[in-house]
Every structure is written in C-alpha cells, then in structure tokens.
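*Asks:* Structure provided below as structure tokens; questions to follow.
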Amino acid sequence: AVSNENIIEVSDLNKWFGDFHALNSVNLTVQKGERIVVCGPSGSGKSTLIRCLNHLEPHQRGQITIDGVSLNADVKNIEAIRREVGMVFQQFNLFPHLSVLENCLLAPIWVRKTPRREAIEMAMKYLERVQIPEQADKYPGQLSGGQQQRVAIARALCMEPKIMLFDEPTSALDPEMIKEVLDVMVELAGSGMTMICVTHEMGFAKTVADRVIFMDGGQIVEAAPPNQFFTNPEQPRTREFLEQIL
Ligand code: ADP
Ligand code: MG
C-alpha cells in the first residue's frame, strides 16, 4: 500500500527544552501508506518527535511538511494539519463525563461541522471497526483500559485523518488487553493508513512496519525495514538496545 508520494517531510528538525536538546537535527520522510515503528530508550525524543508532527509542541529549527502544508510559517495551517493527523496517546484522554458515542462526535461536529446524524453514522462505523459498537452509550469509566483505548482510536478515526500517530498506545494496558488494541492497529495498517507508532511491541513492528526507526539522544540513529533492523542492525547503539529489549 506504500506509494512513492511523500506525505510527511521533516528536515533538520530541532527542539530544545531550555538548554536540553530534545531533537537534534531529525530528518524523516514518510510515504503515503507507509507504516513506521519508532523505538528507543526513555527520554530519547520519541514523544517529542510525534508531538512536533501534530504541533502539540512547536519546534525551533527545521522544516515539517504534512501533505504539502508547511507547519512552520503561519499558525492558520495548524488546524488544517490537526484534521489530517490523528493522535492516540498512552493515556486515553477520553472525556469521562461524555458517553463513548459523544466522545466520538465531539470533533466531527465542532471542528469538521459534520451534521449530527451523519457524525453518528460515522462514529458507529468506526466503533464497529474497533469492535465495540455495543459500548456506544457507556461512559469511559465503565470500560476496560483496552476498550477505552479502542474508543480513543475510533475517536481519532472519526476525523477521517490521513495519518495516524500512536505514542505507546499499549504501555498503560494490562497484558491481556494489549492484543485487542494491537489487533485494531494491525487492521488499520492493512487498510493503507499512514501510521507512525511509538511502541516497544516488537512483534507488531516485525509484522506490520515497513520501516523501524531507532532513536537515541534526540536523533534518529537507524532506520531500516524490520527484517534488516532486527537481524542485522548497522549501528552499535541499535544492537545494544535490541539486546536489552528482545
Ligand atoms: P521519549 O518519548 O523518547 O521517552 P520524550 O520525547 O518524552 O522522550 O522526552 C525527551 C526528553 O525531553 C526527555 O529528557 C524529557 O525529560 C525532555 N522533555 C520532554 N518534554 C519536556 C518538557 N515539556 N519540558 C522539559 N523537558 C521535556
Ligand atoms: Mg514518550
């Protein structure tokens, strides 16, 4: 499903928190339909990279272009880009006082101005896709962690994004719930969605990723297709990391 059309272009991306250089000249090109897994030790800049792509964090130097739109020059692009880029976090961030369905309707109705009836139809379609349509009228607190994360995925899909960013979507889940979330992500990956997933689920990386990226110290140290990445990494730092986690 990978085309040779670039949907994300990142060049010389730099981000500092005070004196701390969190992203050190990151370059990354992602093709439409490409599935990328990002791994690396804690503090290596994975979340910061993902957040910069959605402009949840402004960067300080470099270029980010999403589907032909520059994230740098003027702020009015930001909303347009957020509509195209769905985001799923480790914490599900659902609104606890809203039902599952209402959580899914919020952005389509208020941001995309989709008529309510149409938004409901779409929300139910995506809740079916993540296999919890029967939970539509429940509140987040009544659901398991795995179900809540699937709602968060459905909610992001309701904006009909072109790109989905995942930041450790299974890290807060009990082991028995990890698979149900990964299954949804695998299905999404098979649908041609462009995806960047920060995760340490290396089984997922092996079966789904077109490229695996290893970050360390705010840099992309290595990027390779999974068969090469896992069997024959070029960089010593990648090898060390893989020895620790595999
Ligand atoms: P990762 O997701 O790879 O664990 P992060 O991107 O979250 O790493 O963070 C990279 C580094 O930047 C960490 O050392 C972290 O402490 C620092 N950092 C992240 N966010 C902030 C912030 N808002 N203010 C100050 N430092 C931050
Ligand atoms: Mg992180």
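Just so it is clear, none of the values below were taken in a lab; they were calculated from the coordinates. Being a predicted model, the structure only gives us computed values, none of them experimental. In this analysis, Cβ positions are derived from the backbone assuming ideal geometry, glycine residues included, and neighbour counts consider all displayed protein chains.
*Asks:* Quick one: length gained pulling Ala172 to Arg61 fully straight, 0.36 nm per residue minus the C-alpha distance?
*Replies:* 36.7 nm
*Asks:* Further question on the same structure: Over the Cα atoms of the chain, how large are the radius of gyration and the largest Cα-Cα distance (Dmax), in Å?
*Replies:* Cα-based Rg and Dmax for the chain come out at 17.8, 55 Å.
*Asks:* I've got another one for you. Hey, rough spin-label estimate for Tyr139 and Ser191, points 7 angstrom out along Cα→Cβ, what's it come to in nanometres?
*Replies:* Roughly 2.9 nm, to one decimal.
*Asks:* What is the distance in Å between the Cα centroid of region 215-233 and that of region 15-47?
*Replies:* 12
*Asks:* Here's a follow-up. Report, by chain and number, residues whose modeled amide H sits under 5 Å from the one on Glu34, excluding near sequence neighbours (fewer than 5 apart, same chain).
*Replies:* The list, which skips near neighbours in sequence, is Ser3, Met195.
*Asks:* Something else about it: Hey, any idea what the orientation-averaged projected area of the convex hull of region 8-106's Cα atoms comes to, in nm²?
*Replies:* Convex hull of Cα atoms, orientation-averaged projection: 7.9 nm².
*Asks:* 222 nm [θ] for the chain, helices only, -39500 (n - 2.57) per DSSP H run of 4+, per residue, to 500?
*Replies:* -11000 deg cm²/dmol, from helical runs alone.
*Asks:* Next up: What is the log10 of I(q)/I(0) for region 165-246, computed with the Debye formula using one identical point scatterer on each Cα and no solvent, at q = 0.11, 0.19 Å⁻¹?
*Replies:* Those come out to -0.30, -0.88, one per q.
*Asks:* Okay, moving on. Quick check: pseudo-label points 7 Å beyond the Cα along Cα→Cβ at Trp110 and Lys125, how many nm apart are they?
*Replies:* Result for the modelled spin labels: 2.3 nm.
*Asks:* Using the alpha-carbon centroid of each, what span in Å lies between region 172-202 and region 73-124?
*Replies:* Between the Cα centres of region 172-202 and region 73-124 lies a distance of 20 Å.
*Asks:* Can you work out the FRET efficiency for the pair Gln235 and Arg117, with r the C-beta to C-beta distance and R0 = 45 Å, to the nearest 0.05?
*Replies:* 0.25
*Asks:* Straight-line reach from Lys46: which lysines fall under 27 Å, measuring Cα to Cα and dropping same-chain residues less than 8 apart?
*Replies:* Of all the lysines, those that pass the test against Lys46 - Cα under 27 Å, at least 8 places apart if same chain - are Lys15, Lys32, Lys76, Lys162, Lys179, Lys206.
*Asks:* To continue, here is another question. With springs only between Cα atoms under 10 Å, which of Arg117, Arg35, Arg51 fluctuates most in a Gaussian network model of the chain?
*Replies:* Among Arg117, Arg35, Arg51, the largest mean-square fluctuation in the Gaussian network model of the chain belongs to Arg117.
*Asks:* How far is it, in nm, from the label point at Val69 to the one at Lys206 when both lie 7 Å from their Cα along the line to the Cβ?
*Replies:* According to this spin-label approximation, the distance is 3.9 nm.
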